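S.K.: Before anything else, here's the structure in question.
The values are calculated or read from the model by the stated rules, or taken from the named source; none is laboratory data. Computed from a predicted model, the values in this text were never measured in an experiment. When we count neighbours, we look across all protein chains shown, and the Cβ atoms used for this are built from the backbone with ideal geometry, even at glycine.
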Amino acid sequence: MSRKFQVILGRDPDDEVWVTYVPTLNYLSTFGDTRDEALEYTREAILGYLEAAEQEGIVVDQRVPQSELVEVEVHAS
């Protein structure tokens, strides 16, 4: 069975890695040196999460939380 999950993907300039978050899985997070590596690690992490949830009898809700990316301007002294 194939399932799809939305993943937030971003580049951490300080650590020079790609970081992912999966909102529907309690913001499960991982990282990789490349974008593809980070996404592959994310797939593995999702599978592990789903397997653990099944073993514990936890139902995984796949509804995506409503969110949007917005820019906020802050005036700092």
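S.K.: Residues being assigned to a helix (DSSP H, G or I) and out of contact with any strand residue (DSSP E or B) (no Cβ under 9 Å at 6 or more places or on another chain): count how many of those fall in region 1-47.
M.R.: The total comes to 4.
S.K.: Next question, about the same structure. Hey, could you check region 41-77 for residues that are under 13 Å from F5 (Cα atoms) and among the acidic types (D, E) and say which is surrounded by the fewest Cβ atoms within 10 Å (Cβ to Cβ)?
M.R.: D61
This table checks each residue for (1) of a type in the set (A, V, I, L, M, F, W, C); (2) at pLDDT 90 or above.
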{"site": "S2", "(1), (2)": "no, no"}
{"site": "Q6", "(1), (2)": "no, no"}
{"site": "D15", "(1), (2)": "no, yes"}
{"site": "L25", "(1), (2)": "yes, yes"}
{"site": "D33", "(1), (2)": "no, yes"}
{"site": "E44", "(1), (2)": "no, yes"}
{"site": "L47", "(1), (2)": "yes, yes"}
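S.K.: So, one more: With respect to D61, determine if the residue is without any contact (Cβ under 8 Å) to a residue 12 or more places away in the chain and outside any strand (DSSP E or B).
M.R.: no
S.K.: Separate question: Could you please give the count of residues in region 18-28 that are free of Cβ contacts under 8 Å to residues at least 40 places away in the same chain and crowded, with 16+ Cβ neighbours inside 10 Å? If you could, list the steps in order and put the result at the bottom.
M.R.: Taking region 18-28 and keeping what is free of Cβ contacts under 8 Å to residues at least 40 places away in the same chain, we get 18-22, 25-28.
Checking the rest, the ones that are also crowded, with 16+ Cβ neighbours inside 10 Å come to 18-22, 25, 28.
Qualifying residue count for the region: 7.
S.K.: Given the conditions (1) exposed (fewer than 11 other Cβ atoms within 10 Å of the Cβ); (2) out of contact with any helix residue (DSSP H, G or I) (no Cβ under 9 Å at 6 or more places or on another chain), and given that E37 satisfies all but one, which numbered condition is not satisfied?
M.R.: (1)
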